[in-house]
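The next block holds one structure in the form of structure tokens; read it before the comments.
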Amino acid sequence: MSKKNRKSEDVVGNWLDTYADMVTLLLCFFVLLYSASSVDETKWQYIYQSFTSSGEYINPFVMDEQPQNNAADTNGNAESPPNTQHGGTTPEETEGLPADFNELYSYLHMTAQENELAQYIHIEQTPTRIFIRFDNMIMFDGNSAVLKEEGKRVLDKFMPGIKAVNSYIKSCTVSGHTAKAVSEVNDWDLSAARASSVVKYMDYNRCVDSEKFTVEGKACYSPITENETSEGRAKNRRVEIMIVRDQLDTTSQAVIDDILKYEYRLDGANTDPYEDDNDDDEVDSSVVDNIIDNMENKYENSGDGDGDEDSMTGPQYVPPVTGIPTDILGPLPQETPSAESE
């Protein structure tokens, strides 16, 4: 009798287990339906992007992690850049950003003032470009090319404004500089690596188009002050960003002088047609004229794709072999053989 009761209890227990599993599955099903009824569009797009990326990268939203500074590592490296192309994505984020290149300098200057960065950052504007100079102490540790978290935060302050005027920017050159001092790290390697770290971080954040970036390592050979004191060496250790305006007015004398100074190292060349030529001028006027004649092709037709291949290569200048004008050179006389040569 006891064996029969035990068998009936076993049957009842198995049925209850199956019923409990079914109820649990139904509960999970309704929870999923409820969660799908209020979809976060942004997260849904990230999840969709993660499934269509063919395993190229892992989206931080799928990992249930909020990205911090776009989740780049200390060198600015990342698996894949974020899909942002403007200075902001919402009206609140785009408010106050510059609308064109003319407003970029004011934005950068005000940003430095509001964040009390004026003592670490120097901003300068010329007719064709904007210079931003960062003191090394806020960007890198000594003998290191790893971008500091403080340096990332500083760049984060300026990048939205630069990103907002990306279409008005022709190029963005980042140069690293060291001080002339005894160091265990090669100056060329260190300066180039620091500039590269800044570019990688800016490029990851889609600050400007990747093809507009240029990295320069200038070691200790472009100082801005003396190297004899520790204060002077601290100023010489720096990172500089040069942003060049697109679509330049090559008929402006100020623009021409600026291009000759920074791109052709012809500082002080006389380009004013109303001033008398100086015979003592070290700059060959024909070289300057040749460069100016080609400025329209180089700076006004850039990116159009309508010009021929030769018009996009910029100024081409071949210096003469001698200073003698070719039009006064006659043919060489023909030598007649003498009796001795036979």
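Pick from 238, 206: which is out of contact with any strand residue (DSSP E or B) (no Cβ under 9 Å at 6 or more places or on another chain), in the same structural domain as residue 162 (by TED's automatic domain parsing) and at pLDDT 85 or above? Step through it out loud before you land on a result.
Working: 238 fails: out of contact with any strand residue (DSSP E or B) (no Cβ under 9 Å at 6 or more places or on another chain).
Testing whether each residue is out of contact with any strand residue (DSSP E or B) (no Cβ under 9 Å at 6 or more places or on another chain), in the same structural domain as residue 162 (by TED's automatic domain parsing) and at pLDDT 85 or above leaves just 206.
Need the failing condition index for residue 191 against (1) buried (at least 18 other Cβ atoms within 10 Å of the Cβ); (2) touching a strand residue (DSSP E or B) at 6+ places or on another chain (Cβ under 6 Å); (3) under 28 Å from residue 257 (Cα atoms), just the number.
(3)
State whether the residues of region 128-151 include one that is of a type in the set (Ser, Thr, Tyr) and in contact with an Asp or Glu (Cβ under 9 Å, 6 or more places away or on another chain). Even if it seems obvious, please write down each step before you answer.
From region 128-151, those of a type in the set (Ser, Thr, Tyr) are 128, 144; that's our starting set.
Next cut, in contact with an Asp or Glu (Cβ under 9 Å, 6 or more places away or on another chain) only: 128.
Looking for residues that are of a type in the set (Ser, Thr, Tyr) and in contact with an Asp or Glu (Cβ under 9 Å, 6 or more places away or on another chain), one finds at least one in region 128-151, hence yes.
Is it the case that some residue within region 214-234 is under 17 Å from the mean Cα position of the chain (by Cα), under 29 Å from residue 102 (Cβ atoms) and buried (at least 19 other Cβ atoms within 10 Å of the Cβ)? Quick ask: steps written out before the conclusion?
Taking region 214-234 as the starting set, the residues that turn out to be under 17 Å from the mean Cα position of the chain (by Cα) are 214-217.
Restricting the remaining residues to those that are under 29 Å from residue 102 (Cβ atoms) gives 214-216.
Imposing the further condition that a residue be buried (at least 19 other Cβ atoms within 10 Å of the Cβ) reduces the set to none.
No: zero hits.
Scan region 250-270 for residues that are free of Cβ contacts under 8 Å to residues at least 12 places away in the same chain and surrounded by 14 or more Cβ atoms within 10 Å (Cβ to Cβ) and report the count.
Looking only at region 250-270, we keep the residues that are free of Cβ contacts under 8 Å to residues at least 12 places away in the same chain, and these are 251, 261, 263, 265, 267.
Cutting the leftovers down to surrounded by 14 or more Cβ atoms within 10 Å (Cβ to Cβ) gives us 261, 263.
The qualifying residues number 2.
All but one of (1) among the charged types (D, E, K, R); (2) at pLDDT below 95; (3) outside any loop (DSSP other than H, G, I, E, B) hold for residue 116, so report the exception by its number.
(3)
Each row is one residue, and each column tells you yes or no for (1) buried (at least 21 other Cβ atoms within 10 Å of the Cβ); (2) assigned by TED's automatic domain parsing to the domain that holds residue 197; (3) under 23 Å from residue 99 (Cα atoms).
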| site | (1), (2), (3) |
| --- | --- |
| 135 | no, yes, no |
| 139 | yes, yes, no |
| 148 | no, yes, no |
| 159 | no, yes, yes |
| 164 | yes, yes, yes |
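The values are calculated or read from the model by the stated rules, or taken from the named source; none is laboratory data. Predicted model, so just to flag it, every value in this text is computed and none were measured. Quick reminder, even Gly has a Cβ in these numbers, built from the backbone with ideal geometry, and neighbours come from all protein chains shown.
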